[in-house]
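Input: a single structure, listed below in structure tokens.
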Amino acid sequence: MKSDKSTLFPAMGRRQFSIGLAGLAAASLMPGLSLAQGADNAAAQKIADHFSSVKTMMGEFVQFGPRGEQTGGKFFIERPGKLRFNFEDPSPVRVIADGNNVAIGNMKLKTWDLYPLSKTPLSLLLSSKIDLSNQTVRNVKQETDLTTIVLGNKSVFGDSTITMMFDSKTFDLRQWTITDAQNKDTSVMVYNVREGVSLDEKVFAIPYEDIRKPG
């Protein structure tokens, strides 16, 4: 279903894509952010360390597309590199990352698109460690309730960025937003999150045989 795919992966169209985990915020967060230094930078890295230390999680999400469209569903994550999004009806979309590739499936049309995980923003979000000392950090803003971290890397994101918002006290991920080259946002919010859960490996199994079947 094209509309669902382009909403989830707004930046790169049909052949490439950008993804928000379950994420949110908005372009209004982008102007005025100042590059983190000193205490702010240390606080941001502490939050990132906490986020990357969570090896498994599951929960629910609500996604808001650039045209105001709204969808929801359930997500599952296992570090490093594994993720699954099940969109609720009527959307037929499934997104699965197995540590090597990301597959986007349309269960109604029985079609799949396959992408190398390393060429998507998911590779950063699902890595064993998020290193904020490298060139992926664009901006950081620390407030009483929220710490906002803006990430970008042209080799992975193209001209897109990810704005991630964390609770400043618990370090929990609240939301994030993908902003594409046209300054369009796709935002996702996570809730009812459970950490440290046991997940069956079948959850992250990509049906390669179906993908490789001749049309």
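Any residue in region 74-88 that is farther than 22 Å from residue 116 by Cβ and modelled with pLDDT under 85?
No, because not a single residue in region 74-88 is farther than 22 Å from residue 116 by Cβ and modelled with pLDDT under 85.
Kindly indicate whether residue 184 is under 17 Å from the mean Cα position of the chain (by Cα) and not aromatic (Phe, Trp, Tyr). Give the derivation first.
Numbers: under 17 Å from the mean Cα position of the chain (by Cα): yes; not aromatic (Phe, Trp, Tyr): yes.
The answer is yes for residue 184.
Table: residues versus (1) under 25 Å from residue 183 (Cα atoms); (2) surrounded by 20 or more Cβ atoms within 10 Å (Cβ to Cβ); (3) not β-branched (Val, Ile, Thr).
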residue	(1), (2), (3)
50	no, no, yes
56	no, no, no
105	no, yes, yes
114	no, no, yes
120	yes, yes, no
125	yes, yes, yes
137	yes, yes, no
142	yes, no, yes
146	yes, no, yes
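So which residues in region 181-196 are out of contact with any Asp or Glu (no Cβ under 7 Å at 6 or more places or on another chain) and either in a loop (DSSP other than H, G, I, E, B) or acidic (Asp, Glu) (or both), if there are any at all?
Listed by number, the residues that qualify are 182, 183, 184, 185, 195, 196.
Those residues that are at pLDDT 75 or above, among the charged types (D, E, K, R) and not in a loop (DSSP other than H, G, I, E, B), I need them from region 115-162; list them, please.
119, 138, 141 - these are the residues of region 115-162 that are at pLDDT 75 or above, among the charged types (D, E, K, R) and not in a loop (DSSP other than H, G, I, E, B).
The values are calculated or read from the model by the stated rules, or taken from the named source; none is laboratory data. Because the structure is predicted, anything quoted here is derived from the model rather than measured. No Cβ is skipped: glycine too gets one built from the backbone with ideal geometry, and neighbour counts run over all protein chains shown.
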